[in-house]
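**Student:** My questions all concern the structure below.
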Amino acid sequence: MSTYVNRLGEETPRIGEPPAGTAVAVWSLDTTLEVVGGHRIDEALPLLDAGERERAGRLLRAGDRQRYLASHVGLRVLLGGYLGLAPQEVALVREDCPCCDGPHGRPAVAGGAVQFSLSHSDDLAYLAFAAVPVGVDVEAVPSAAAVQDVLNALHPAETAELSALPAQERPEALARLWSRKEAYFKGTGTGLALGLAEPYVGSGPTPSPVPGWHLTDLPAPAAYAAALALRT
């Protein structure tokens, strides 16, 4: 499955019908924008719910706060478009955690009419929407030191793959692998609770098959990798 990445910018987007069946819609967003989808970020708080406003208020660095507000405004603009609602009318909830049944699983829309996933790295955000559970992830290519930090926490075959590469090729390969793993974890709602070893996704040009999920790499700017996981 080849997936096109739409770009959400300053203007109100043309969204269309919500994805149905196994269709998926993916959007990218530059989170440094002062206006996202027709809404000024410095006037964004009324668009968010109490939990989002509280989270934004705890971000002390201006850049972190800007990224959070821009990505959540973008999420609400797009969800609102798919659901026929104003951004502030979209009700967000948390599903039960699949590991412990606590109320901190995947973020979701109340009623589950549209499934979504949000990821950001540096000043770039990716958002995915589908009718079935979906996960998206974007990762900046890490440093050589970061590769060493996680190398032995991966699936043994992935550790062997990365170790066999020339040192200068490992960061890009890890970015591919990590975005695939994170997309899957976001789709399942487990996060990193069960560790990084499973499932095996591979670090090569094509993701390894994961039972029950369609895993694919997404187009991404230079020095980034991105991936999508869709439950089949």
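The values are calculated or read from the model by the stated rules, or taken from the named source; none is laboratory data. Keep in mind that this is a model prediction, so the values were computed, not measured. Heads up, the Cβs are rebuilt from the backbone with ideal geometry, glycines too, and the neighbour counts pull from every protein chain shown. With ligands, DNA and RNA removed, areas are computed over all heavy atoms of the protein, side chains included. Shrake-Rupley method; radii C 1.70, N 1.55, O 1.52, S 1.80 Å.
**Student:** Only one residue in Gly112, Gly135 is loosely packed, with under 14 Cβ neighbours inside 10 Å and either of a type in the set (Val, Ile, Thr) or closer than 16 Å to Leu230 by Cβ (or both), so which one is that? Don't jump to the end; show me each part of the working.
**Tutor:** Numbers: Gly135 fails: loosely packed, with under 14 Cβ neighbours inside 10 Å.
From the options Gly112, Gly135, the qualifying one is Gly112.
**Student:** Looking only at segment 159-191, filter to residues that are among the hydroxyl-bearing types (Ser, Thr, Tyr) and open to solvent by 10 Å² or more (accessible area, probe 1.4 Å); which one of those is modelled with the lowest pLDDT? Can you show your working first?
**Tutor:** Taking segment 159-191 and keeping what is among the hydroxyl-bearing types (Ser, Thr, Tyr), we get 159, 163, 179, 184, 188, 190.
If we keep only those that are open to solvent by 10 Å² or more (accessible area, probe 1.4 Å) too, we end up with 159, 163, 184, 188, 190.
Values: Thr159: 96, Ser163: 96, Tyr184: 96, Thr188: 92, Thr190: 79.
The extreme case among them is Thr190.
**Student:** Separate question: Would you point out the residue of segment 1-53, among those that are open to solvent by 60 Å² or more (accessible area, probe 1.4 Å) and of a type in the set (Val, Ile, Thr), that is nearest to Gln88 (Cα to Cα)?
**Tutor:** Taking the candidates together, the pick is Thr12.
**Student:** Continuing with the same structure: For Glu158, only one of the following conditions fails: (1) over 21 Å from Pro221 (Cα atoms); (2) charged (D, E, K, R); (3) assigned to a strand (DSSP E or B). What is its number?
**Tutor:** (3)
**Student:** Hey, does segment 190-208 have a residue that's without any contact (Cβ under 8 Å) to a residue 24 or more places away in the chain and assigned to a helix (DSSP H, G or I)?
**Tutor:** No, because not a single residue in segment 190-208 is without any contact (Cβ under 8 Å) to a residue 24 or more places away in the chain and assigned to a helix (DSSP H, G or I).
**Student:** Now for a separate question. For segment 114-143, which positions are outside any strand (DSSP E or B) and either of a type in the set (Asp, Glu) or farther than 20 Å from Thr22 by Cβ (or both)?
**Tutor:** Going through segment 114-143, the residues outside any strand (DSSP E or B) turn out to be 114, 122-123, 131-133, 141-143.
Listed by number, the residues that qualify are Asp122, Asp123, Val141, Pro142, Ser143.
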